[in-house]
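Just so it is clear, none of the values below were taken in a lab; they were calculated from the coordinates. This is a predicted model, so every value here is computed, not measured. Positions of Cβ are backbone-derived with ideal geometry, glycine not excepted, and every protein chain shown enters the neighbour counts.
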């Protein structure tokens with residue numbers, strides 16, 4: 001038995017997270033990078049459904065000795081949640097998953113806060129029904145690249161790591177987590193910004209099956 005695990009945001013579903021987070025950083029006068037901001041989310045709202053995005057930002061402002069202005073916090077929460085209104089499936093998503101489902105068990109592993117989870121489960125029912133297992137970080141209390149969340153998925157799918165692949169758009173979360181967990185990684189790079197790597201890189205989800213067949 002073999003399995004293919006997928007990341008959600010900007011792998012299967014487009015979402016303008018980066019541009020919105022960078023706007024929030026500017027509006028809040030924070031001197032942190034996008035990656036630093038996400039690292040903080042991985043240890044707060046992404047692994048604890050009781051922590052809202054606003055809670056995280058308030059904590060971050062306090063750590064950086066910045067004023068916790070209610071208007072700034074409210075606007076930030078709104079920007080964060082409004083980004084979901086632009087979420088949409090990539091054109092090839094359903095075709096890819098439907099094709100693979102005949103031959104592989106399918107899993108989803110997402111670093112996601114509670115607002116994102118609620119939005120996804122309400123608006124992408126057809127997509128969620130294609131998976132044999134779904135691991136939401138805010139529900140299980142673990143986030144990529146922690147290998148424990150990958151191990152949970154493997155156990156639920158009933159496959160060994162050597163027989164599983166992880167497809168995602170973030171090397172620091174998806175590829176690193178897969179390698180640490182002994183899975184086979186596939187990086188999706190739609191903007192063609194990644195050159196030679198020691199692991200497969202695809203430009204479209206429709207290229208995934210060919211990689212699987214070539215490496216089988």
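Pairing each residue of the range 147-166 that is free of Cβ contacts under 8 Å to residues at least 40 places away in the same chain with any residue that is part of a helix (DSSP H, G or I), provided the two are 6+ apart or on different chains, yields C-beta distances under 8 Å for 147/177; 147/180; 152/140; 160/154; 161/150; 161/154.
Of the residues making up the range 81-127, those that are farther than 21 Å from residue 45 by Cβ and part of a helix (DSSP H, G or I) number 12.
The single condition among (1) more than 18 Å from residue 94 (Cα to Cα); (2) crowded, with 17+ Cβ neighbours inside 10 Å that residue 124 does not satisfy is (1).
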